[in-house]
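Encoded as structure tokens, the structure appears first; notes follow it.
Bear in mind that the values in this text are calculations on the coordinates, not laboratory data. Remember, it's a predicted structure, so these values are computed and weren't measured experimentally. We place every Cβ from the backbone using ideal geometry, glycine too, and count neighbours over all the protein chains shown.
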Amino acid sequence: MKIGLICPYNMFHGGGVQEYVLALRNGLVARGHKAYVITPQPLNYDGPKVPGIIMIGRASPIRAAHTYSQISASVDADKLEAVLDAQNFDILHFHEPWVPILSRQILTRSNAINFGTFHAAMSERRTSRTIERVITPYTKPLLSYLDVLTAVSPTATNYVKALTNRSIYIIPNGIEVKKFKKPKSKANVSKLSKTRTILYIGRLEKRKALRKLLEAFALLYHSHKNYRLIIAGDGPERSKLEEFVKNEKIGNVKFLGFVDDAQKIRLLHESEVFCSPAMYGESFGIVLLEAMASGCVAVCGNNSGYESVMTGSGQISIVNPKDTREFARRLLLMASDEGLRQHWFNWANHEVEKYDYLRIVDQYLKLYKLAYEKRHNSA
């Protein structure tokens, strides 16, 4: 089959959806299919053409409910029609089809079988409800163009379920598990160092609740000077967070800024606890899967997206970030209780395998083939 994967975000900016789309494309190609990513060209991009990526239109930065993104702002209709005619895709797979403008322009011209995957979670916050009201008149007509609907988690279905009674298949996010695994000589071995590290990796924005993590760490550090907190990533809250650390005189906190994949994996391997305290706006928890695969115990906020990943014994990882004392106690417990840590490792090593990208790609391929056979058998 020939498959086009439409991503409305800047593929060169990084992000969970972008990584997901690239991994899906690579997995499809590895199984002998032809697959291309269709995405907007970043503003001021002057780099070379990238194999497997077709750039149409331009991406511009915007601020949405919870975060900053770069999305399609304009589309060259003639170029778009030329690409669709030349490629003649069997399947077009739209990721976040509600995001303007690229998906709509392609959907209304598509002769392929159209899949839509919903990634984002709309929270109960007023800003999200306002955005829902604005985008619903745009989104609802698009559903009639989509042959199959999927979502990465039950949380990610909440918005679209309000617009349709159609079936929505749940195919979770995934990661390349082997990429994050520790060397065999170190796997399943927890060697607690004298200095114990709590790690955060991600965007520094309000919904991620880094302020709550800093407050909990300050309480922990008050009686445990051998702990340190490393914050990797960048975002609009960075200067405020650094100022908070300075004003509150919180010791052993280090801001690294952006880190690449190699640095991220090294940090996960070297840390006792990975903490992502986000309170809302999460539909899944790719960062938690990465920690699980890396052999780094996780502590996370009690949002529904994270709760869909941290099931079974993983529930011990979930904490209310607003409860500072309990948050600090949980960080200490998960960083120091060796019996509990080993129990968590045993659960995580088994659980994370079902999120390996190879299995995720197979789930999509099964749906692709069913839809393809249905269309061609009824023709």
Contact order normalised by residue count of the stretch 177-355, Cα under 8 Å, 6+ apart, percent | 26 percent
Would you mind checking which residues have amide H under 5 Å from Asn302's amide H? H placed 1.01 Å from N; only 5 or more apart, or other chain.
-> Val319
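For the chain, what is the calculated [θ] at 222 nm in deg cm²/dmol (nearest 500), taking -39500 (n - 2.57) for each run of four or more DSSP H residues and dividing by its residue count? Write out the running numbers ahead of the final one.
On the way: 14 runs with 155 residues, N = 379.
One gets -12500 deg cm²/dmol as the mean residue ellipticity at 222 nm.
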Scalar couplings 3J(HN,Hα) for the stretch 211-216 by Karplus 6.51 cos²θ - 1.76 cosθ + 1.60 (θ = phi - 60°), nearest whole Hz, x for Gly and Pro, are 4, 5, 5, 5, 5, 5
Using θ = phi - 60° and the Karplus form 6.51 cos²θ - 1.76 cosθ + 1.60, what ³J(HN,Hα) does each residue of the stretch 157-165 get, whole Hz, x for Gly and Pro?
-> 8, 4, 5, 5, 5, 6, 10, 8, 9
Take every DSSP beta bridge whose two residues both sit in the stretch 177-355, then give the antiparallel share in percent to the nearest 5.
-> 0 percent
Collect residues whose amide H, placed 1.01 Å from N in the peptide plane, falls under 5 Å from the amide H of Ile6; neighbours closer than 5 in sequence don't count.
-> Ile38, His93, Phe94, His95
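Could you tell me the calculated FRET efficiency between Phe258 and Lys369, based on Cβ-Cβ distance and R0 = 51 angstrom, to the nearest 0.05? Can you show the working numbers first?
Working: r = 39 Å, r/R0 = 0.77.
It comes out at approximately 0.85.
So which trypsin sites (Lys or Arg not before Pro) in the stretch 246-295 are both in a DSSP loop and have at most 12 other Cβ atoms within 10 Å of their Cβ? Could the numbers behind the result be given before it?
On the way: sites: Lys246, Lys249, Lys254, Lys264, Arg266; in loops: Lys249.
Filter output for the stretch 246-295: Lys249.
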Hey, what angle do you get for helix 357-378 against the long axis of the chain, alpha-carbon based, 0 to 90 degrees rounded to 10?
-> 20 degrees
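Dipole of the stretch 177-355, Cα-centred, from +1 at each Lys and Arg C-beta and -1 at each Asp and Glu C-beta, to the nearest 20 debye?
It works out to roughly 460 debye.
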Measure out, as a whole number of angstrom, how far apart the alpha-carbon centroids of the stretch 1-64 and the stretch 149-186 sit.
-> 19 Å
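Just subtract the alpha-carbon distance of Ser336 and Tyr169 from 0.36 nm times their residue separation and send over the number in nm, one decimal. Present the calculation step by step, with values, prior to reporting the outcome.
Values: separation 167, 0.36 × 167 = 60.12 nm, distance 3.97 nm.
Stretched fully, the Ser336-Tyr169 segment lengthens by 56.1 nm.
Need one word for the stretch 178-300: rounded, prolate or oblate. Basis is the Cα gyration tensor (sqrt eigenvalues a ≥ b ≥ c); a/c below 1.5 gives rounded, then a/b vs b/c decides.
Details: a/c = 1.90, a/b = 1.30, b/c = 1.46.
Cα axes put the stretch 178-300 in the oblate bin.
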Amide H of Ile101: which non-local residues (sequence gap of 5 or more, or other chain) have their own amide H closer than 5 Å, using H built in the peptide plane?
-> Ser72
Return one number: the angle in degrees, 0 to 90 and rounded to the nearest 10, between the long axis of the Cα atoms of helix 338-351 and the longest principal axis of the Cα atoms of the chain.
-> 10 degrees
Exposure proxy ranking, count of Cβ atoms within 10 Å, fewest first, for Ser239, Ser103, Ser153, Ser144 = Ser144, Ser239, Ser153, Ser103
Expressed as a rounded percentage, what relative contact order does the chain have, with Cα pairs under 8 Å and six or more residues apart?
-> 15 percent
